[in-house]
2 protein chains.
Amino acid sequence: MRIVVDAFGSDSCPGPDVAGAVLAARAWGDEIVLVGPEDLTRDELAKHDTAGLNIRVVHAPEVLTMEDHSDAVRRKEASSIRVGMQMVRDGKADAFVSAGNTIACLAAAIFDLRRIRGIRRPALCTVYPLTFKPTVFLDMGATVDPTPEILMQFARMGAIYAERVLGIADPRVGLLANGEEEEKGTLVLRDAFGLLDESGRLNFVGNVEPKEAVKGAVDVLVTDGFTGNIHIKTAEAVASFVKRLIQRYLFSPLWSKVGLVLLIPGLIVGLPGLLLLAPGLRRFVKRLDYAEVGGGLLLGVNGVVIVGHGRSNAKAVKHAILRAREAVAAEVVPSIKAGLGV
Amino acid sequence: MRIVVDAFGSDSCPGPDVAGAVLAARAWGDEIVLVGPEDLTRDELAKHDTAGLNIRVVHAPEVLTMEDHSDAVRRKEASSIRVGMQMVRDGKADAFVSAGNTIACLAAAIFDLRRIRGIRRPALCTVYPLTFKPTVFLDMGATVDPTPEILMQFARMGAIYAERVLGIADPRVGLLANGEEEEKGTLVLRDAFGLLDESGRLNFVGNVEPKEAVKGAVDVLVTDGFTGNIHIKTAEAVASFVKRLIQRYLFSPLWSKVGLVLLIPGLIVGLPGLLLLAPGLRRFVKRLDYAEVGGGLLLGVNGVVIVGHGRSNAKAVKHAILRAREAVAAEVVPSIKAGLGV
């Protein structure tokens, strides 16, 4: 597989981006193409041991930043994001991965890869990190002001993804909302509810509250890019708040510190038990680590594009590349087209 | 203080509602008036030891359910929510507390208590549960489709609350958003950003992501009732997901169970340490318990109204009553009026 990786995507680029690409090349042996200003990218790559790895650099002199709007994206044809998209368009690569500005990636994907016929706006899609069974979640942040018709298209694409890629028969589709009743939600959501309810084409189960969503109440969870982004970022924020709570109440007070020291003999005595608990503990921590998610898939364009979190570390970039591999292997784009009949 | 409590508010009413009222009457010695169908309310009350408590029942034969819209609220004048609001309006009580339908409470408050002059829509306000220092958060779910002007009013009311009730000088006001840049957010949010930025009356710091909000980046966090509701409910959902993760990875697997048993001698040896850690652990658990929040304050009407979670248990109802006591004692309604100059 040939995967293009934006060397200048993440907030701390090019460090995590290049390191993640090296980790991925080592793990799966793919051909990795790093796009970015050539000298800077090569300098960064030189910090790693790349012997035996299939990594090359393609020059893209311009860089799109978090401040760049779609005008800048249109203008900066030599930016890493545009060059990466064009390589996918021209069949020189199978997928593009960036931890850069979501809106810039969206605009570039629309310019260079074009939308799938009939799709008005793409959505950023992920396998929901807050359930045990696979649940398709979209939109994580591509389209912040969708119309009800666009939400309906998100639902259709999500259902096709669930059915053809995850193998879920007749997937249950729900709208993320502040209550289960039909009249809950914003005006746009209520209209989308009506469209989905009447269409009859999807297994629409109605509105789903966050508490039900994390219990796996649906196979496809649909929302607009603003709410989806707040939802996912709130989950991350809560995790970081809990860490601070632990710090403040269990590690900082003097009595707690004394307590922790007094606990040490007990931990030594209990060592066999701790060793048996370790694998479960490891899996627990792994599930709470957003870096394991890697990035979202931009659904609705003619190519595989994975957009990672701006705060991505090397592990997150590596996992974003894993998401790209999975999407290519699962033939997501042809599947969506076949499902839409285009 | 005289507080009216809706005996038929919560999803499992009247059990938790009446039990919570009894707990509150015992804790703080207020006069508590339970409103609801008289016989049913008295039957429920009879299950408790109320000797020496100042609790009475006021008959309200009708009940508003989660399905009732504002038409039903207008019609059902003898419902517990309407009767409670009217007692506050007529000076027969200082505050009304309900764990019922938020939209019904909102409609009834507007009918019976009237909005504060100049305020277009009320907001459900809380002291944000995800920070260490007090942060005013609104709207939690009263107004799902506000205009930019309404969001601006929420910001003003929130700032007055922060200043006059919490004693925060020149409170920093932010909009909950999917990114810090001005152009982030929905169309309505972007317009609200412009209004707040230009007004010059508030200490507006711009857009705030969930991760910054939990770090205490602002004193007043403003959002629409839909996003605010999803934000809070997502936080609750993540907490319940983490509980399920612990169950699945640390308690369910056979090796983990054996590990936990083998840990027992260690825990006995470490007992002094555990005892010292206990107070911190208790505070930690307390901070994660949504029942401690109790309910939100309906800001923008002529009276103190606290709306609790439909899933409230007795402890949550008790704490909702505590929120009502605090709001009355802090003279929230006169403060907001004075701040608005009406």
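No value in this document is a laboratory result; all are computed from the given coordinates. These numbers come from a predicted model, not from an experiment. Here Cβ is always computed from backbone atoms with ideal geometry, including for glycine, and neighbour counts include all displayed protein chains.
What percentage of all Cα-Cα pairs in segment B:124-230 are separated by more than 24 Å?
Numbers: 568 of 5671 pairs.
The answer is 10 percent, as a whole percent.
Could you give each residue of segment A:20-29 its phi-based ³J(HN,Hα) in whole Hz, using Karplus coefficients 6.51, -1.76, 1.60 with θ = phi - 60°, and x for Gly or Pro?
x, 5, 5, 4, 5, 4, 5, 6, 10, x
How are the alpha carbon pair distances in segment B:247-342 distributed across 5 Å bins from zero to the largest one, expressed in percent?
3, 11, 12, 11, 13, 11, 9, 8, 6, 6, 5, 3, 1, 0
Can you pick out the pairs among A:Lys257/B:Lys133; A:Lys133/A:Lys215; A:Lys315/A:Lys337 whose Cα atoms lie more than 20 Å from each other?
Working: A:Lys257/B:Lys133 23 Å; A:Lys133/A:Lys215 9 Å; A:Lys315/A:Lys337 31 Å.
The pairs that break the limit, which is 20 Å between Cα atoms, are A:Lys257/B:Lys133; A:Lys315/A:Lys337.
Which value in deg cm²/dmol, rounded to the nearest 500, describes the helix-derived mean residue ellipticity at 222 nm for chain A, given -39,500 (n - 2.57) per DSSP H run of n ≥ 4 and division by the residue count? Working shown, then result.
Values: 13 runs with 156 residues, N = 342.
About -14000 deg cm²/dmol.
Take the alpha-carbon centre of segment A:258-282, take the same for segment B:1-78, and report the distance between them in whole Å.
Between the Cα centre of segment A:258-282 and that of segment B:1-78, the gap is 48 Å.
How charged is the neighbourhood of A:Gly9? Take every other residue with its Cβ under 12 Å from the Cβ of A:Gly9, and add Lys/Arg as +1 and Asp/Glu as -1.
On the way: positive: A:Arg311; negative: A:Asp6, A:Asp11, A:Asp17.
Its environment carries a net charge of -2.
Counting only DSSP beta bridges with both residues in segment A:124-230, tell me the antiparallel percent, nearest 5.
Working: 3 of 14 bridges.
Around 20 percent of the beta bridges assigned by DSSP in segment A:124-230 are antiparallel ones.
For chain A, just say rounded, prolate or oblate: build the C-alpha gyration tensor, square-root its eigenvalues into a ≥ b ≥ c, call rounded for a/c under 1.5, and beyond that prolate if a/b exceeds b/c, oblate if not. Can you show the working numbers first?
Working: a/c = 1.84, a/b = 1.10, b/c = 1.68.
Oblate, since a/c reaches 1.5 and b/c is not below a/b.
Under a plain spin-label model, where a point goes 7 Å from the Cα along Cα-to-Cβ, how far apart in nm are A:Val285 and A:Glu67?
If labels sit at A:Val285 and A:Glu67, their model points lie 3.9 nm apart.
Please compute the alpha carbon radius of gyration of the protein assembly as shown, then divide it by the globular-protein estimate 2.2 N^0.38 Å. Two decimals is fine.
On the way: Rg = 27.1 Å, N = 684, 2.2 N^0.38 = 26.3 Å.
For the protein assembly as shown, the normalised Cα radius of gyration is 1.03.
Could you please report the charge total around A:Thr41, scoring K, R as +1 and D, E as -1 over all other residues with beta-carbon less than 12 angstrom from its beta-carbon? Intermediate values should be presented prior to the final figure.
Details: positive: A:Arg42, A:Lys47, A:Arg56; negative: A:Asp6, A:Asp17, A:Glu38, A:Asp39, A:Asp43, A:Glu44.
Neighbour charge sum, excluding A:Thr41 itself: -3.
Just checking the output field for B:142-152: average partner chain Cβ neighbours within 10 Å of each residue's Cβ? Could you put the intermediate results ahead of the total?
Numbers: counts 0, 0, 9, 6, 0, 0, 0, 0, 0, 0, 0.
For this peptide, the per-residue mean of nearby foreign Cβ atoms is 1.
Around B:Ile232, what is the net charge, scoring Lys/Arg as +1 and Asp/Glu as -1 over all other residues with Cβ under 12 Å from its Cβ? Present the calculation step by step, with values, prior to reporting the outcome.
Details: positive: A:Lys211, B:Lys233; negative: A:Glu209, B:Asp139, B:Glu236.
Net local charge, B:Ile232 excluded: -1.
Can you pull the mean other chain C-beta count within 10 Å for peptide A:223-233?
Values: counts 1, 1, 2, 11, 7, 2, 7, 13, 8, 3, 11.
Per residue, the number of nearby Cβ atoms from other chains is 6 on average.
Order B:323-329, B:18-24 from most to least packed using the mean count of other Cβ atoms within 10 Å.
On the way: B:323-329: 20.1, B:18-24: 25.7.
Ranking, from highest mean packing down: B:18-24, B:323-329.
So for each of B:223-230, A:43-50 I average, over its residues, the number of other beta carbons within 10 Å; can you give me the resulting order with the highest mean first? All intermediate terms of the calculation are to be shown ahead of the outcome.
Working: B:223-230: 27.0, A:43-50: 14.6.
Per-residue mean Cβ counts within 10 Å order the peptides as B:223-230, A:43-50.
Taking segment B:38-102 on its own, what percent of its Cα-Cα pair distances exceed 17 Å? Don't skip to the end; give the middle numbers.
Working: 1029 of 2080 pairs.
So the portion of pairs separated by more than 17 Å is 49 percent.
Take the Cβ-Cβ distance between A:Asp43 and B:Glu149 as r, set R0 to 56 Å, and report the resulting FRET efficiency rounded to the nearest 0.05.
0.60
From the phi of every residue in segment B:143-153, what ³J(HN,Hα) in whole Hz does the Karplus formula 6.51 cos²θ - 1.76 cosθ + 1.60 yield, where θ is phi - 60° and glycine or proline is x?
Values, residue by residue: 10, 7, 10, x, 7, x, 5, 5, 4, 4, 5 Hz.
Roughly speaking, what is the stretch gain from B:Ser12 to B:Ala338, that is 0.36 nm per residue apart minus the C-alpha to C-alpha distance, in nm to one decimal?
The span from B:Ser12 to B:Ala338 would gain 113.5 nm if fully extended.
From other protein chains only, count the Cβ atoms within 10 Å of every residue's Cβ in B:201-214, then give the mean. Please list the in-between numbers first.
Numbers: counts 0, 0, 0, 0, 0, 0, 0, 0, 6, 12, 9, 2, 4, 9.
Partner Cβ neighbours, averaged per residue: 3.
Once phi is turned into θ = phi - 60°, what whole-Hz ³J(HN,Hα) does the Karplus curve with 6.51, -1.76 and 1.60 give for every residue of segment B:240-248, x standing for Gly and Pro?
Computed from phi, the couplings for segment B:240-248 are 6, 5, 5, 4, 5, 4, 4, 4, 5 Hz.
If the cut-off is 16 Å between C-alpha atoms, which aspartates and glutamates fall inside it for A:Lys286, apart from same-chain ones fewer than 8 positions away?
Cross-link targets: A:Glu236.
Per-residue counts of other Cβ atoms within 10 Å, averaged by peptide: what ranking do you get for B:241-254, A:120-133, highest first? Please report the intermediate quantities before stating the final value.
Working: B:241-254: 15.0, A:120-133: 21.0.
Ranking the peptides B:241-254, A:120-133 by packing returns A:120-133, B:241-254.
Could you give the distance between the Cα centres of segment A:205-245 and segment B:168-239, to the whole Å?
After rounding, the separation between the Cα centres reads 18 Å.
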